[in-house]
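The values are calculated or read from the model by the stated rules, or taken from the named source; none is laboratory data. Computed from a predicted model, the values in this text were never measured in an experiment. Every residue, glycine as well, gets a Cβ built from its backbone with ideal geometry; the counts of neighbours run over all protein chains shown.
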Amino acid sequence: MKSIDLKRAFFDTVRQHEFASPLEKAALAMDMVAWTRYLTQAVIETCQSLGWQAAAKGQRLHTLPEARNEYLTIDVMAFPETQVHWPLPVAAFEMENNQDRIAYSFWKLLCLRIPIRVLFCYRQHSSERDSLIRMLQDEILQSMSLPPEGDTLLVIGNRDESSVFPYGFFRWWHLNPNTARFNVI
């Protein structure tokens, strides 16, 4: 699975009316509880479209011996369709809107040895995007002795770009493990 495939599957999902309309309304109203709930559902649907099983609040996974809604307090955890008793996850997703908790959510994802990590954030203004990316690079990534294995993605939704929902609203960055910097994808 490549990052671009995940991005494409996500946009295929959020373009659907049952996801697009409530997500856009929640973003415009700055209703972060609703935004997180609808985004979680969109991520679950994206995972399922890729042939993965997802565990999240409101989405209990029964295929592992320990049935749960969340594993390791990660907002959404995706697992491959397999007969393995304890499969390792293929992707982890965090949704965070609170400036003080974004760094913690990012760090939490980086602690996982997993093929794909995705942090979704919401910012009111696109001008906040650069400072958020700089903070994650300077405070979290620069403190690590080794770059994380796998793909790390940062997806930032901006209220002031909601007129071009979903494409302008959700901007995607990929972490280059060699430079510890985010590049637009």
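Considering Ala78, Ala27, Ala56, the condition of being touching a Cys at 6+ places or on another chain (Cβ under 6 Å) and crowded, with 21+ Cβ neighbours inside 10 Å is satisfied by Ala78 alone.
Restricting region 138-157 to residues that are surrounded by fewer than 17 Cβ atoms within 10 Å (Cβ to Cβ) and of a type in the set (S, T, N, Q), the residue that is nearest to Ile114 (Cα to Cα) is Ser145.
Scanning region 101-118 for residues that are exposed (fewer than 15 other Cβ atoms within 10 Å of the Cβ) and of a type outside the set (Ser, Thr, Tyr) yields Arg101, Cys111, Arg113.
A quick yes/no check of all residues on (1) surrounded by 20 or more Cβ atoms within 10 Å (Cβ to Cβ); (2) at pLDDT 95 or above; (3) closer than 30 Å to Ser21 by Cβ:
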{"site": "Trp86", "(1), (2), (3)": "no, no, no"}
{"site": "Gln99", "(1), (2), (3)": "no, no, yes"}
{"site": "Gln124", "(1), (2), (3)": "no, no, yes"}
{"site": "Arg129", "(1), (2), (3)": "no, no, yes"}
{"site": "Arg159", "(1), (2), (3)": "no, no, yes"}
{"site": "Ser162", "(1), (2), (3)": "no, no, yes"}
{"site": "Phe169", "(1), (2), (3)": "yes, no, yes"}
{"site": "Val184", "(1), (2), (3)": "no, no, yes"}
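Can you name every residue in region 111-135 that is in a helix (DSSP H, G or I) and touching a strand residue (DSSP E or B) at 6+ places or on another chain (Cβ under 7 Å)? Matches in region 111-135: Arg129, Leu132, Ile133. The single condition from (1) modelled with pLDDT of 90 or more; (2) in contact with a Gly (Cβ under 7 Å, 6 or more places away or on another chain) that Leu175 fails is (2). Within region 29-47, residues that are more than 24 Å from Ile116 (Cα to Cα) reach partners that are crowded, with 22+ Cβ neighbours inside 10 Å and not β-branched (Val, Ile, Thr) with beta carbons closer than 9 Å, at six or more positions or on different chains, in the pairs Ala29/Trp35; Met30/Tyr122; Met32/Tyr122; Ala34/Leu23. Of the residues in region 73-93, none is assigned to a helix (DSSP H, G or I) and in contact (Cβ under 8 Å) with a residue 24 or more places away in the chain.
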